Amino acid sequence: MTVMFKHILVPMDGSKLAEAALPAARYMADKFAAQVTLFHVVEKDAPSQVHGQKHLTGFEEAQHYLEEVAQRWFQGVSQVECHVHETETELVSQSIIAHAAELGHDLVVMCSHGRGKAFHLLFGSIAQKVIAGGTLPVLITHPDEQGEPPPFACRQILVPLDTDPEHEKGLPVVRAVALACSSELHIATVIPTYESLSPEEKVSARTLPSTASRMLELEVRDASEHLDLLARELTDAGIRASSHVLRGDPAETIALAATEAKIDLMVLATHGKTGMKAFWTGSVAHAICSRSRCPLLLVPISEAS
């Protein structure tokens with residue numbers, strides 16, 4: 001299956017923080033020769049400020065702002081559109097989903113404004129609903145420490161996998177990005193040590209700790225063989241790929257690996273509508289997001305994908 005991003009949707013709210021999505025959108029537009037649509041939804045009873053900064057509140061103001069962003073960030077891109085959904089609504093995420101479906105977008109690029117609890121509240125308010133309600137990959141970036149748009153590249157991509165084979169359905173998107181961006185691709189999984197098991201898992205393993213440790217070692221062997229196979233398939237497709245089986249707490253280990261390897265983009269598959277509840281209630285994926293400021297590409301998958 002060939003996956004290409006040809007039409008990128010970039011929702012904007014007028015704040016400087018939201019512009020952290022623009023370097024990634026421009027980068028992807030260049031690599032895929034994609035069309036870009038800058039999009040704003042006029043909110044009902046819109047506040048004058050968002051994230052402590054000026055917020056767009058009317059059609060003409062929003063249209064002027066999007067046109068200015070297009071001139072500033074997307075000169076040289078062959079097709080750039082500015083679209084303001086002027087019918088006032090309280091359901092911003094649904095407007096984004098509907099617009100993407102109507103005009104055939106295949107990637108949404110957005111910004112998150114926080115991490116930890118702030119990440120959950122601010123990221124979850126719009127982007128969570130977009131990926132939960134749609135079928136499009138969503139690329140999430142973060143502003144730098146000064147709140148400015150950070151540089152974006154895809155030299156090094158990390159794909160955390162677990163034992164759920166469904167999550168490997170996101171690999172066609174990963175392959176497309178790696179090929180278009182000439183990226184080095186790292187596939188990784190984390191097998192806990194006995195010491196890093198959760199309290200609940202330790203209770204069941206405490207009666208036979210040596211057996212539990214042996215079972216974990218077998219998981220390491222099986223995971224290593226499987227990831228090596230995936231890496232060979234990617235290498236055969238012309239991608240520089242490597243496989244890594246790590247030990248420890250899954251979320252902490254992945255976040256640390258991303259930092260140490262200077263990862264530019266992390267890709268996580270989600271189960272879309274059926275899986276986002278788990279994603280946001282303590283899952284490993286959510287824990288990784290809360291620990292890392294690495295840009296994140298969320299790829300929704302389904303049984304039919």
Query raised in the report: What nm value, rounded to one decimal, do you get for the distance between E102 and A237 when each label is placed 7 Å out toward the C-beta?
Result: 3.4
Query raised in the report: What do you get when you divide the Cα radius of gyration of the range 156-265 by 2.2 N^0.38 Å, with N the number of residues?
Result: 1.17
Query raised in the report: What is the order of V299, V159, fewest Cβ neighbours within 10 Å to most?
Result: V299, V159
Report task. May I ask you to compute the full-extension gain from H64 to Q146, defined as 0.36 nm times their residue separation minus their alpha-carbon distance, rounded to one decimal in nm? Result -> 27.0 nm
**Report entry** Other-chain or far-sequence residues with amide H under 5 Å of Q156's (modelled H)
**Finding:** E184, D264, L265
Report summary line: Simple SL model, points at 7 angstrom along Cα→Cβ for M215 and K6; separation in nm is 4.9
Query raised in the report: Going highest first, how would you order 139-150, 23-34, 233-244 by mean Cβ packing within 10 Å?
Result: 23-34, 139-150, 233-244
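Note the full-extension length gain between Q94 and T259 as 0.36 nm times their separation in residues minus their Cα-Cα distance, in nm to one decimal.
56.0 nm
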Report summary line: Most exposed first, judged by fewest Cβ atoms within 10 angstrom, R291, R72 run R72, R291
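Throughout, read-outs are computed from the coordinates displayed, never taken from laboratory work. Bear in mind that the values here come from a model prediction, so they are computed numbers and not experimental data. So basically every Cβ, Gly included, is an ideal-geometry build from the backbone, and we count neighbours across all protein chains shown.
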